[in-house]
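One structure is given here, and the rest of the page talks about it.
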C-alpha cells in the first residue's frame, strides 16, 4: 500500500499542483534565486497562508535593519494582514547574534523561538550569509542539520532562502529535502518569470520550467499544460452525436454537422470569414449548450457589433448567460496562463460550444515555440474529454500564393476537421470560398463552394465554377474539350 506523506499547502496558486499536493510537513526546502526573483514574496505569501490554516510561523532574517521596510512593501499585497504580526507570525533578526557569537548561537536562538512561539513553519531568510560565516563545508552542514533537527523535533517545516544559485552538490542541497528555483530573465525584450523544482525528496513533482507572475494577490504559478494534463483530467467518453455548426449549408458539406466533442480548425487569410463562421456557431448557444468565445483580436463590443452587422443575434445568448465572451489583448501574454484561464472558464461554465478565435494568439505568447505541439495536444485532448465541441481559427499570412501550407503539419494532425476559407480571383472578381479538407471518420463533400452572406450571417452557396488553382487564390478557367 502506497504511503501518502502529509502536506503543507503553500497558498500559492498552481504551486501545490506542481509539488504534488504541497510541501511535505516537517521537511526542509531551499528557495533560491537572484535578487528580484520573488523569494521574499513567495516566503511571506506562504507564511500568511499557513496562518489562515491555524499555524504559527517564525520568520528569521539576517537583515541588519528593522523589518519596517519589509512590511511597507508587503502592505501592497492582498495577503498581508498586519494584525497577524507578533501574534501568528513573528519576525526576528539574528544579524547581531551571527555577527557577535556565530552560527551555534543562531541555532540556539532559533530553537528557543520555535519553542516559545509554537511555530510549525520556520522561514530562514539569509542562508548565503550563514554560509559565508562558516569556515568549512562541515560548518554549513552542521548549521543546517542542527536547524533541521530542532525544527523536526516539534514538527516544524523549514524554508531556507538564499539569493544565489549554488551547485547541486553543495552542502545546502545535499542536506535538504527539496530545492525550488525562481528565475527572472529577459527573453527578447520582455521579462519572463519561471519556477523549477530542482529537488523533491519523497514526492514526484512536475519537472521543467513553469511560468509565474507577481500580481497584487502575490505569486501565481501556471503549471505547464502538457505536464499537468499529460493525460486528461476526466475519461474521454467519446460521442457519435452531431452538432449544428450554425452556418447554412455547412453541415451538409461536412456530412451532417460537427461531431460532438470534436475540434475543427478553420484557417485562411484575413477577411475571408473565419470569425463570421465562428459567430454563427456561437449564436446557437443555449442553456443546455453554453458557449464561450475566447479571442485575441476583437473586443467584446466589436464582436457584438460585427454580429449585428451580419444579422446574427449574440446579445440574447450573452444576456441569458448562455454565451460568455473573453478577450485577451494581443500584447504580452503567458502561454500557460491563457491555457489555464480557458480551461477554468470551460469547467466553471460547463461550456459545450467553444470558439478559440485566433490560435496565433497562443503562438505569440509562447516563449519557447517548439512546445506548441505538446501544448495543443494536451489542450485539445482535455477539451474533448470535457465534452466541448470546438472551432479554432488560424490566420494564413498570404492572401494569395502558388502553394497552400496547412498550419503546422503536426498541429493539423491533432485536429478532427480542417476547413479552409480563401479569397479566389476569377476574371478580375474576388469570391470567398470554403473547402472541407478533412473530417475524421466520416464522409464529406470534397468540393469547393462559394461563401455568401444572407439575413442570418454567413452561408454556403453553390459549388465554385470549374477552375484550376482555386486553393491558391489565383484561379484559371478550365478549358472545356470541344
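Here, each number is a calculation from the coordinates, and none is a lab measurement. The model shown is predicted, which means the values in this text are computed figures rather than measured ones. A quick note on method: Cβ atoms are made from the backbone with ideal geometry, for glycine too, and the neighbour counts reach across all protein chains shown.
The table for this structure:
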| item | result |
| --- | --- |
| The range 38-129 pair-distance distribution - Cα-Cα, 10 Å bins, rounded % | 16, 51, 30, 4 |
| Least to most buried among 297, 222 (fewest other Cβ within 10 Å first) | 297, 222 |
| DSSP bridge orientation in the chain - percent antiparallel, rounded to nearest 5 | 45 |
| Rg ratio (alpha-carbon, reference 2.2 N^0.38 Å) - the range 7-223 | 0.96 |
| Rounded tilt (10° steps) of 39-52 against the dominant C-alpha axis of the chain | 80 |
| Mean-position separation - Cα centroids, the range 315-358 and the range 215-277, in angstrom | 11 |
| Exposure proxy order (Cβ contacts within 10 Å, fewest to most) of 274, 141 | 141, 274 |
| Antiparallel DSSP beta bridges within the range 242-477, percent to nearest 5 | 45 |
| Value at 222 nm in deg cm²/dmol, rounded to 500, when DSSP H runs of n ≥ 4 in the chain each add -39,500 (n - 2.57) | -8500 deg cm²/dmol |
| Helix 300-310 vs. the chain, principal-axis angle (Cα, 0 to 90°, nearest 10) | 10 |
| Highest-first arrangement of 419-428, 374-383, where packing means the average Cβ count within 10 Å | 374-383, 419-428 |
| Per-q log10 I(q)/I(0), the range 242-477, q = 0.08 Å⁻¹ (Debye; single scatterer per alpha-carbon; no solvent) | -0.27 |
| Footprinting exposure proxy for 59, 368 (fewest neighbouring C-beta atoms within 10 Å first) | 368, 59 |
| Rotationally averaged projected area of the chain (alpha carbon convex hull; nm²) | 28.9 |
| Cα-based helix-to-principal-axis angle, 103-117 vs the chain, degrees rounded to 10 | 70 |
| Segments 308-317, 229-238 sorted - mean Cβ within 10 Å per residue, highest first | 308-317, 229-238 |
| Pairwise centroid distance, computed over Cα atoms, of the range 64-129 with the range 32-57, Å | 12 |
